[in-house]
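Asks: This is the structure I want to talk about, given as structure tokens.
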Amino acid sequence: MQPENYTHTLDNGLVLVAEPNPSLESAAFTFLLPAGGAYDPADALGLNSFACEMALRGAGPRDSRQLVDDLDALGVERGEGVSVEHTNYGGAAVADNLLPALEIYADVLQRPHLPVEQIEAGRQVVIQELMATEDEPAHKVMVELKRSHFPSPWGNPSQGEMASAMSIDIAQIRAQVARCYRPNGTILGVAGKFDWDELRDHVSRLFAAWESVEVPRPAEGPTNQRVRHIMHEAHQTQIGIAYASVPYSHEDYFCAWGAVGVLSGGMSARLFTEVREKRGLCYSVQASHQTLKDRGAVLCYAGTSADRAQETLDVTLAELRRLAEGVRPEELDRLKARIKSGLIMQHESSSSRSSSIARDWFHLGRVRTLDELAAIIDRLSSDDINAYLERRAPRDFTVVTLGPEPLEMPL
Amino acid sequence: MKFRSQQLANGLEIVAECDDQAHSTALGFFVKAGSRDEDDTVAGVSHFLEHMMFKGTPTRSADDVNREFDEMGAHYNAYTTEENTVYYAAVLPEQQAAALELLADMLRPSLRADDFDMEKKVIIEEIGMYEDQPPYCADEQCKADHFGSHPLGRSVLGTEQSITELTVEQMRNYFERQYSARNIVLAAAGHVDFEALVAQTERATAHWNDVTPQRQTESYRTTRGACRTMNKSSSTQQYVLLLSDGPAADDDARYAAKILATVLGDDQGSRLYWELVDPGLAEHCSLSHYDYLDAGLMMTYLSCPPESAADNLRRVQAVYAAVEASGIDDAELARAKSKISSRVVLSSERPRGRLFTLGGNWLQRREYRTVRDDIDAVAAITADDVADVLRRFPLTTSTIVTVGPLESL
């Protein structure tokens, strides 16, 4: 019988993790590089985002246009981005095109041209993405919430800031890529239809000559102002609330996750019911668990008309505090049903699995199979969650609001 | 993979693509009710009604509806367009009957006045949310300008005023008219027990009314060439939308139009991408094709700094003039086919991905098409087919709306 997943570590440290699903016609891949926003120098925030923008502008034997044309010819649905911990490059295609696509990405990661003649074009792209965020208030408030909640560099905006975007030069980008695009710390997740022996040999050959570089974890800076309002001319006020939680690798993670699910998993969850259904305060309200390597947080969002924002903030905070009184077994049962069907449905898509298994490896040093996850969820009880909530009730809230008028902070 | 279909005595149609190997089952009621079926007195009622469907029935409260969906582990939601309102749920196969029972019950809602008043606030918040995001204002205005008095020019959300003035009686009347069994298709994809589905639906919908609904499809004359500037000083970027005509849902040229949109305006690697996005002149520039019953649209979306909007618009027009003069080349055609086929395969792996294609095809054309049919149709397109689309639907004459800091463009 075929194993549920495979791993292979190259001598230079690159980890390949792969989960086969021969019933699919597609294969997907996710590269996680240790080149997250947290590794940006303090005077060049957004450097890794800028580098990511430049890396696809030609690599190996292909110039910028040839590279994109060849990926298009393979029908690779691709995406890339920079999070706190990682720069990720991912794609999905019909199964036959997996190995040729990886060959192109081997050039992007090891031999990007980073052409000086295109840096101004790249700079304009970066600047415009920053400007577009100004027109997306819901996105902007969450960027600012993370900046307030986490100490630097963990709260730094990965997309950078206008001042750094204007000043970054090609030498900084090349130095950053030389330092952060490295095999040790890079994880390649592959899921879908593939032949393991062929995949392992192909990846080993493509990345064998990549030289490792030792880079320390960044030093932690001071904590920022935890409660603040940002003036913004608009109909609505955006509300972001955060509180500390545990990371994915923590033994209490699933208790923390379950508690957030009771708040915001499905339309019968507490925030949706209390804020939207019972009071009609807003269209969108939600909470989610975010995890870094060594810490986690719960991030909540609500957006509503300026004149109803105070009530929305008050009701939302009251719900977060009420969580300390515990969750009911039936609330957890609903969440379990939803998650278990979601886990089974993950078998139907290669893209979601390739990124999940790569992230598992980053946090745990191994891959949790879908069956293992289902067993963990099965075992979780409301007593476990309530014991956890007794130890770690939501408190010490970070609150950032964005809108035409500041709110009273009931903290 | 097996296609099954059946029409019930009350007129409701059931279509299913059954795949015993699938891990999940997706079910959706596709209702022919959208903003095109409204008039000014009930603008936005289709979308508001979609929200009210989750507010309960004679035997279920709003809490019951949401709680029961969550209890069965459903991934569920609803959406409203110009032409349709769709209610769907993806569940594990053993929940097929429970999901169908709940969806069918939901579609005969109580429409209680106090729920209506509460949900009205949510709808107004949703309108306010979009008003704070400049591209959405441009989108609705551009369709209104382009279609003029044709019903496709109507706003899906309505306005704060139209929603405020709407009464629950008006909504009940609209519901009676549009949610007739004959106006609804039940689609199912994935692991489906078709016999059980039909038998249960027959019982669950026996009391649904069977009036013959009326929808006017009509030819229209667009006001191409119009250009409107909406000043929004709080906006950072300038957003420009261009609408021109394209193949409608019953027009075989729609596949060539998809290829054309991919060659010219895909997010990556298209002519507009190389002309505007790669050099950093615009944050985003894309071209998409949308098809409706009696009309098609080619929509260009451009976002960029206000000071370069006029120049960028000229560049877009130059790209369109060049393709109208010289067509597309074979390498572009091949890449576009590869991208579209790949997307069809990836989006079809999940039953809930297939559901929307299956229901949409039936609503638009009463037609079943396999994944292979769509891939083959794309593969058969030639550069001449694309040139024909450009001759019939020139991109260079369009309705333009821009929103942002500029006072004029």
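The values are calculated or read from the model by the stated rules, or taken from the named source; none is laboratory data. Since this is a predicted model, take the numbers as computed values, not measurements. Heads up, the Cβs are rebuilt from the backbone with ideal geometry, glycines too, and the neighbour counts pull from every protein chain shown.
For every residue, the table says whether it meets (1) more than 8 Å from every other protein chain (Cβ to nearest Cβ); (2) in contact with a helix residue (DSSP H, G or I) (Cβ under 8 Å, 6 or more places away or on another chain); (3) without any contact (Cβ under 8 Å) to a residue 24 or more places away in the chain.
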{"position": "A:SER264", "(1), (2), (3)": "yes, yes, no"}
{"position": "A:MET267", "(1), (2), (3)": "no, yes, yes"}
{"position": "A:THR273", "(1), (2), (3)": "no, yes, yes"}
{"position": "A:GLU277", "(1), (2), (3)": "no, yes, yes"}
{"position": "A:ASP294", "(1), (2), (3)": "yes, no, no"}
{"position": "A:ALA302", "(1), (2), (3)": "yes, yes, no"}
{"position": "A:GLU319", "(1), (2), (3)": "yes, yes, no"}
{"position": "A:VAL327", "(1), (2), (3)": "yes, yes, no"}
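Asks: Mind listing just one residue for me: the one in the stretch B:94-128 that is touching a strand residue (DSSP E or B) at 6+ places or on another chain (Cβ under 7 Å), touching a residue at least 60 places away in the same chain (Cβ under 8 Å) and not in a helix (DSSP H, G or I) and, of those, surrounded by the fewest Cβ atoms within 10 Å (Cβ to Cβ)?
Replies: B:ARG108
Asks: Continuing with this model, one more query. State whether one or more residues within the stretch B:129-136 are in a loop (DSSP other than H, G, I, E, B) and either in contact (Cβ under 8 Å) with a residue 24 or more places away in the chain or among the basic types (Lys, Arg) (or both).
Replies: No - not one qualifying residue is present in the stretch B:129-136.
Asks: Take the stretch B:121-159 and flag every residue that is more than 8 Å from every other protein chain (Cβ to nearest Cβ) and basic (Lys, Arg).
Replies: Hits for the stretch B:121-159 are B:LYS143, B:ARG154.
Asks: Here's something else I'd like to know. Check the stretch B:244-253 and report whether any residue there is assigned by TED's automatic domain parsing to the domain that holds B:ALA9 and not in a helix (DSSP H, G or I).
Replies: No; the residues of the stretch B:244-253 include none that is assigned by TED's automatic domain parsing to the domain that holds B:ALA9 and not in a helix (DSSP H, G or I).
Asks: Right, here's the next one. Among the listed residues A:GLY296, A:GLY365, A:GLY303, A:GLY342, identify the single one that is at positive phi and outside the structural domain of A:ALA38 (by TED's automatic domain parsing).
Replies: That would be A:GLY365, the only listed residue that is at positive phi and outside the structural domain of A:ALA38 (by TED's automatic domain parsing).
Asks: Going by the structure shown, is A:VAL177 crowded, with 20+ Cβ neighbours inside 10 Å, touching a residue at least 24 places away in the same chain (Cβ under 8 Å) and away from every other protein chain (no Cβ under 14 Å)?
Replies: yes
Asks: Residues to consider are A:ARG328, A:ARG353; find the one that is surrounded by 21 or more Cβ atoms within 10 Å (Cβ to Cβ), among the basic types (Lys, Arg) and not assigned by TED's automatic domain parsing to the domain that holds A:GLY189.
Replies: A:ARG353
Asks: Hey, B:GLU38 hits all of (1) touching a Ser or Thr at 6+ places or on another chain (Cβ under 7 Å); (2) within 29 Å of B:ARG369 (Cβ to Cβ) but one; which does it fall short on?
Replies: Here B:GLU38 meets the rest and fails (2).
Asks: Further question: For the stretch A:87-102, indicate whether the set of residues that are part of a helix (DSSP H, G or I) and hydroxyl-bearing (Ser, Thr, Tyr) is non-empty.
Replies: Checking the stretch A:87-102: not a single residue is part of a helix (DSSP H, G or I) and hydroxyl-bearing (Ser, Thr, Tyr).
Asks: Here is a follow-up. Give me the pairs, please: first residue somewhere in the stretch A:346-371 and more than 13 Å from chain B (Cβ to nearest Cβ), second residue anywhere and in a helix (DSSP H, G or I) and of a type outside the set (Asp, Glu), beta-carbon distance under 7 Å, and either six or more positions apart or on two chains.
Replies: Listed by first residue and then by second, the contacts come to A:VAL367/A:ILE357; A:VAL367/A:TRP361.
Asks: Got a sec? Which of B:GLY153, B:GLY158 is under 20 Å from the mean Cα position of the chain (by Cα), buried (at least 20 other Cβ atoms within 10 Å of the Cβ) and without any contact (Cβ under 8 Å) to a residue 12 or more places away in the chain?
Replies: B:GLY153
Asks: Of all the strands (runs of 3 or more DSSP E) wholly in the stretch B:1-93, which have at least 1 residues that are touching a residue at least 24 places away in the same chain (Cβ under 8 Å) and under 20 Å from the mean Cα position of the chain (by Cα)?
Replies: B:13-18, B:25-31, B:75-80, B:85-91
Asks: Those residues that are among the hydrophobic types (A, V, I, L, M, F, W, C) and under 19 Å from the mean Cα position of the chain (by Cα), I need them from the stretch A:252-282; list them, please.
Replies: A:PHE254, A:ALA256, A:TRP257, A:VAL260
Asks: Among the candidates A:GLU251, A:GLU233, A:GLU214, which residue alone is surrounded by fewer than 19 Cβ atoms within 10 Å (Cβ to Cβ) and at pLDDT below 95?
Replies: Result of the check over A:GLU251, A:GLU233, A:GLU214: A:GLU233.
Asks: Here's a check for you: in the stretch A:215-260, which residue that is in a strand (DSSP E or B) and within 14 Å of chain B (Cβ to nearest Cβ) is farthest from A:ASN386 (Cα to Cα)?
Replies: Top of the filtered list is A:MET231.
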